[in-house]
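Below is one structure. I have some questions about it.
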Amino acid sequence: MKVCPDCSACFDDDAAVCPSDDATLEESLPGLRVIAGKYRIDRLLGIGGMGVVFRARHLALEKSFALKVIELSPPVDPETEARFRLEAAALGRLRHPNIVDVTDFGIDGRNAGLAYLVMEYLEGRTLAEYCLTHRPPSIETCMSVLEGVAAAIDYAHANGVIHRDLKPSNVFLVGLPDGQSKPKVLDFGLARFFSPNGIASSDATTKRRNAQIDRPSFRLAREAFQAIHVRDAAYIVGTPGYMAPEVLRREQATPSVDIYSLGVIAYEIFTGQVPQTPPQADDCQPAAVSRGVLPPSQINSALPAEIDDAVLQLLSTRVSDRPDVAAIAVDRIRRAIAAAKVREWHSRERPRRLGVAVACALVLTLTAGLSWQTEPLQLVERNLIDARIALSAVQPPDPRLLVISLDDATLAADNRALAQRADEFGTVVDEIFRHEARAIAIDLLLPESWSTSTPFVTTVLRHPDRLTLAALSLPTGEVVGPECARGVITSALGAERASALFGLVNLAVDADGVTRRPVVAFRDASGGRRDAFAGRAANTFFGDSFARPQADVSDAAWIDFRVDPAAIRRLSWINVSDAFRQQPDLFRSRLVLIGGDFAGSGDDHAVPHRSDSSGRVSGLVVQALIANTILTGFPVRGVSTVPALLIMTPLTTLFGFLVLSGQRLTWPLSLLLLGLVVYAVTAFVVFYSFALVLPIVGPVTMCVAATAVAVAVRQYLGGPPSPDPSP
């Protein structure tokens, strides 16, 4: 390109003068202001190549057109006229938004056979002119130009036309109302017809269009210019620097020559220079165009390295290495740019968003301990624990446990009130001790009248360290039951030791009314320690070897409801005497629990259960299950809050980071859902295998909350750029 020193206008290198020079117009067109009697020329637009382009106005339509003539001095050369007709035929058959429209052509006989070609009048500037003032253009502008040119040449190829002279000066940028530019390909003066039927294409529409290319009018056009094509093969046709290597080797032109020229244009607008020095006339050998080309990103540091391969593939010296379709080639560049944007975004944003994810996880960790304790979440958690118990394998009870119940059969045989049975109980309990029972616990609130029963008092005083009596703390703070030890027992043992005989039968009942936790000790109003009934019984059974719990209710322990209550060894009170005779070893080394278990007692409690049970059992059975849990060493334990939080913190950080930095929300959310399902299933499997209670609702809530916060933060910060190459 040349730049006029007077007006700074740009024109082709082979043009002698600036096209804006009106004096040149007058000298060039003496008396030729009207062409073919239809067009009045009013301005010279450009001089170069095989023709001169004017702005002309149609006399009848009063509309401006671009009018191209091939010579200003007749007679017209026959070969030039043939080329001119070839360009008209090529453009006339092409109707595409990115190709200049041809509306008319002919030979003006009144002007010594002056050949003319009428095209749409375009306002704007050529790509070559644009690049002179924008070195280099923005990447988005480059892609817009390349996509338009690619669409044009693909359409031309589909219609059997090869341009053969693609270069920036033959790409016109038409200004649009929104300030953008639309490229239009010009100057098909070196165009060549071919049959595109053998070119592979995946586009069904293109295939159908290709099938119509060989209609008679096109065949005649090819035959008419066959002589020109033959001569073209004898010498090099095109613009140095933009010609494909096979053209320099004087091989027949194929659509791939336009693909190569598109690559040169891409390289030039990206870097501001052509990929190699234009060969001279004596340097048109394959070796001259086969030398290595620097990757575009090494010339223009603003370019991402990802586009290098896509651009250099277009410049391959081997035709087979170039893409067959220009749009695919440009799409590869677009995808490379999109990939570079994603890479740059991740390198910049990942550390920042990891910090945000860590901060969110820490905040949720600090608040999770409180949120997990809310009653709605606790209720769901407890129900999930019940479900694990219902699905677990049934466990056998501890064989050292024996339950003696005052059942319906006992009351049917002897319906005396409890106050009247002190002597009987004192005698039987003492006999059980004689049969070598290790400890006995009586789960009955004994009346004060028992304190005057000699057999009962004697038994208590004989075995104070192996006997547990029941007491109940009322909502008013009053404790009932110890009155049975007043008088002689308290005087003999002392107040403190007499008080230690009793264990509170109160149970830890959850908000939903179900008993799940094994209470082994309580704290009174003054902060003192009061044994629970089952805890005191276990203490008397184990003696000094029993490790007394320091907490009131252990958060890590659960009553082992895997044990079937019906499987606990049980004996009716009316059969105890017979057992002394028939099974004298039944009581040896056992913890014996004695209590009421009859219909209408009002002492029934809701417990976790299987589908084949009612879910309500007597207080005696609950105490037996608690005692069994203590005897077996609290086999069912849960993970406390702190370890659970420590485990969930990195997981919530991970999910938050994936949401904040992931390309799409679909897969991190799917991963979250899958992870939560796997965790829930794992919690059931771990309970089944190891009787370890993993919290489910708390961790799930924490992960969901962390993900929800991350989604909200992502909406504010924005996600990564899309890898979709569409503009």
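Of all beta bridges DSSP finds with both residues in segment 424-580, what is the antiparallel percent, to the nearest 5?
Restricted to segment 424-580, the bridges split so that about 45 percent are antiparallel.
Could you tell me the relative contact order of segment 542-692? Use alpha-carbon pairs under 8 Å, at least six residues apart, and round to a whole percent.
Value for segment 542-692: 28 percent.
Shape call for segment 399-466 from the C-alpha gyration tensor, a ≥ b ≥ c root eigenvalues: rounded (a/c under 1.5), prolate (a/b greater than b/c) or oblate?
Here segment 399-466 falls in the oblate category.
Below 10 angstrom from the Cβ of I440, what's the summed charge of the other residues (Lys, Arg +1; Asp, Glu -1)?
Values: positive: R438, R466, R590; negative: D430.
It works out to a net charge of +2.
Compute the Cα gyration tensor for segment 575-727, then decide on rounded, prolate or oblate, letting a ≥ b ≥ c be the square roots of its eigenvalues: rounded whenever a/c is under 1.5, prolate when a/b is larger than b/c in the other cases, and oblate in all that remain.
Details: a/c = 4.43, a/b = 3.57, b/c = 1.24.
Cα axes put segment 575-727 in the prolate bin.
Could I ask something else about it? Can you tally the net charge around L354? Count Lys and Arg as +1, Asp and Glu as -1, for every other residue whose Cβ sits under 15 Å from the Cβ of L354.
Details: positive: R348, R350, R352, R353, R714; negative: E349.
Net charge around L354: +4.
Right, another one. Restricting attention to segment 440-518, which trypsin sites (Lys or Arg not before Pro) occupy a DSSP loop and are surrounded by at most 16 other Cβ atoms within 10 Å?
Values: sites: R462, R466, R486, R497, R516; in loops: R466, R486, R516.
Those satisfying the criteria are R486.
Using each residue's phi in segment 670-684, evaluate 6.51 cos²θ - 1.76 cosθ + 1.60 at θ = phi - 60° and report the 3J(HN,Hα) Karplus result to the nearest Hz, with x for Gly and Pro.
Going residue by residue, I get 5, 5, 4, 4, 4, x, 5, 5, 4, 5, 4, 5, 4, 4, 5 Hz, with x marking Gly and Pro.
DSSP loop (so not H, G, I, E, B), at most 11 other Cβ within 10 Å: list which chymotrypsin sites (Phe, Trp or Tyr not before Pro) in segment 574-665 pass both filters.
none
Hey, another quick one. What does the highest-first list of 590-596, 39-45, 700-706 look like by mean Cβ count within 10 Å?
Final packing ranking: 590-596, 700-706, 39-45.
If you roll a 1.4 angstrom probe over the protein chains with everything in place, what fraction of the accessible area of segment 560-625 belongs to carbon and sulfur, to the nearest %?
44
Then there's this: Give the residue list of GluC sites (Glu not before Pro) in segment 368-464 that are DSSP loop and have at most 10 other beta-carbon atoms within 10 angstrom. Let's see the in-between values first.
Numbers: sites: E381, E424, E431, E436, E448; in loops: E436.
Sites meeting the loop and neighbour criteria: none at all.
Can you pick out the pairs among K38/K182; K68/K184; K63/K182 whose Cα atoms lie more than 24 Å from each other?
Checking Cα-Cα distances, K38/K182 exceed 24 Å.
What number comes out for the charge environment of L173, summing +1 per Lys or Arg and -1 per Asp or Glu over other residues with Cβ under 11 Å away? Display every interim value, and only then the final one.
Working: positive: R125, K182, K184; negative: E123, E129.
Residues close to L173 contribute a combined charge of +1.
Projected onto the charge dipole of segment 386-454 (+1 at Lys/Arg Cβ, -1 at Asp/Glu Cβ, origin at the Cα centre), which of V428, A439, L418 gives the Cα projection farthest towards the positive end?
Result: A439.
The values are calculated or read from the model by the stated rules, or taken from the named source; none is laboratory data. None of the values given here were measured: they were computed from a predicted structure. FYI the Cβ positions are ideal-geometry reconstructions off the backbone, even for glycines, and counts take in every protein chain you see. These accessible areas exclude ligands, DNA and RNA; they are computed on the full protein's heavy atoms, side chains included. Shrake-Rupley method; radii C 1.70, N 1.55, O 1.52, S 1.80 Å.
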